[in-house]
Amino acid sequence: MDILSIIEKKRNKQILSKEEIGFFINAYTKEHIIKDYQASALLMAITLNGLNDQETLYLTDAMLRSGVTIDLSCIKGIKIDKHSTGGVGDKVSLILAPICAALGIKVAKLSGKGLGHTGGTIDKLEAINVNCYIGKPKYLSLLKNVGMFIAAQTEDLVPADRALYALRNATGTVQSIPLIASSIASKKLALKTDYIFLDVKVGDGGFNTTIDDAVKLSRELLKIFKAYKRKCVIHITNMTQPLGRAIGNAIEVKSSVEFLKGNPECPEIKTLIDDFIIDILMTTKKCNDRIKAQRMIDTVINNGSALKIFYKWVSAQGANQKLVASGNYFKPKYHYEVKAPQSGFVNYKSTKSIGLSSFFLGAGRLKKEDPLDYQAGIYLNKIKNEYAHKGDTIATLYSSKLISKEAITHFNNNLEINQKQFKINPIIIKVMK
């Protein structure tokens, strides 16, 4: 068996066998006898010609077996994993996990760093000095004593995905649905929870730009999880506008704490998180009535138990609880207020462009090793469809460095003021099981 014949086979739109796909993953990620340019050629052939369901399952399995798996069966209770494909201002995991833990549902989540215009949960946690590089003993301790953990993917967990993702990012093969599905599924399967809940973002601020692509990806994922007998629910959600008002790292943590105090940024983010958690409660049979489930969520926020779990969790992973409670971790040196040039309803032409504005301020990176300015970010004083009078503050830009004219111009070029409101799609577009 050799890589050239495998490349030629997929180039000619033929079906690859389990042995051929297994050989590719093993020879590239473990034996290192396949070169980057050869692996890139196969990835491009897959991107152009696709994989069928069985091939995608073979690829997922080979990637999963490239590393270790984490068995959580020794921890009593319902254990779930929640994953998002990423978007602008997506701080949902920081809020959802402690609420679920307060409701008696244990949350085990492995996350990543952000690239480009979308943020990463690990970056947000590192902004408050949470240690995300922990191993299985700490996972089990946190699940048992706190009810949740969020950590970075370790080197020995699905190493094939890490190697292939870096190559896909460098070769323009990121958008292939079979490659995306196997990447997500292999990481979720490696962490053996009872349920998997996925948030597939759609819109120019997310990973999928069309609803059709989001549905195709969701169907592919559900097929994979069904083959492994893992229960999964997928929400396809709207990323044609930022999720809330805060965009960045430390600023999103502060916003998350405010939510857990009962002060959500805007109705849309509360609707999204409430609906997520209601579906979690119903799917795990912790509750069989949506109205009762909503009351359960409101109770753990109003009595402070979800916030207490948040503080206990970040403290257990190394953060200074007093500092986090004070909010003094977000103290940017510089800020700039964008003013409304005229009165009217606010619109941002591109959600991705807002994410790039945050990136230009220092909150994002091009490569995973690039440093971040954790203080950099944006607060949208006015979100889409809100009315602003001439001279009102539309948004506030933050950074640890002087804010450049280029960053201000980039934000302003994306802003428009309309005399009429416009239709915005619902925050949750579709739920798939």
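Give me the base-10 log of I(q)/I(0) for region 291-340 at each q in 0.15 Å⁻¹, Debye formula, one uniform scatterer per Cα, rounded to two decimals.
One equal scatterer on each Cα of region 291-340 leads to -0.64.
Please compute, for the alpha-carbon atoms of region 173-246, the extent along each of the three principal axes and give them in descending order in Å.
36, 27, 17
Please give the length that would be gained between Asn302 and Lys433 if that part of the chain were fully extended, namely 0.36 nm times their separation in residues minus their C-alpha to C-alpha distance (nm, one decimal). The partial results should precede the final answer.
Working: separation 131, 0.36 × 131 = 47.16 nm, distance 3.10 nm.
In short, 44.1 nm is gained.
Bin width 10 Å, alpha-carbon pairs only: give the P(r) of the chain as whole percents, running from 0 to the bin holding the largest distance.
4, 21, 31, 26, 14, 4, 0
What distance in nm separates the two pseudo spin-label positions at Thr393 and Arg295, each 7 Å out from Cα along the beta-carbon direction?
4.0
Using 7 Å Cα-to-Cβ label points, what is the Val68/Tyr228 separation (nm, one decimal)?
1.7
Hey, if you drop one equal point scatterer on each alpha-carbon of region 186-304 and run the Debye formula without solvent, what base-10 log of I(q)/I(0) do you get at q = 0.13, 0.17 Å⁻¹?
-0.65, -1.07
Which length gain, in nm to one decimal place, applies between Lys349 and Lys285 when the Cα-Cα distance is subtracted from 0.36 nm times their residue separation? Could you put the intermediate results ahead of the total?
Working: separation 64, 0.36 × 64 = 23.04 nm, distance 4.13 nm.
Gain in length upon complete extension: 18.9 nm.
Treating only the Cβ atoms of Lys and Arg (+1) and Asp and Glu (-1) as charged, compute the dipole magnitude of region 195-320 about its Cα centre; round to the nearest 20 debye.
700
Could you list log10 I(q)/I(0) for region 224-368 at q = 0.16 Å⁻¹, which the Debye formula gives when each Cα is one point scatterer?
-1.17
Excluding Gln342 itself, what net charge comes from residues whose Cβ is under 15 Å from its Cβ, given Lys and Arg +1 and Asp and Glu -1?
Net of charged neighbours comes to +1.
Region 1-42: which GluC sites (Glu not before Pro) are DSSP loop and have at most 10 other beta-carbon atoms within 10 angstrom? Walk me through the numbers before you get to the answer.
On the way: sites: Glu8, Glu19, Glu20, Glu31; in loops: Glu31.
Those that pass, being in a loop and sparsely packed, are Glu31.
Per-residue counts of other Cβ atoms within 10 Å, averaged by peptide: what ranking do you get for 419-430, 49-60, highest first? Mind showing how you got there, number by number?
Numbers: 419-430: 12.5, 49-60: 19.7.
Listed from highest to lowest mean packing, they are 49-60, 419-430.
At 7 Å along the Cα-to-beta-carbon direction for both Tyr133 and Met1, put a label point, then send me their distance in nm to one decimal.
Label-label distance for Tyr133 and Met1, simple model: 3.4 nm.
Would you mind getting the accessible area per residue of region 1-62, heavy atoms of the protein chains only, 1.4 Å probe, in Å²?
Result: 53 Å² of accessible area for each residue.
DSSP loop trypsin sites (Lys or Arg not before Pro) in region 204-251 with at most 11 other Cβ atoms within 10 Å of their Cβ, which ones?
Filter output for region 204-251: Lys229.
The values are calculated or read from the model by the stated rules, or taken from the named source; none is laboratory data. Only a predicted model underlies this, so the values are computations on that prediction, with no experimental measurement involved. All Cβ positions, glycine included, derive from the backbone under ideal geometry; neighbour counts span all protein chains shown. Just the protein is used for accessible areas: all its heavy atoms, side chains included, with ligands, DNA and RNA removed. Shrake-Rupley method; radii C 1.70, N 1.55, O 1.52, S 1.80 Å.
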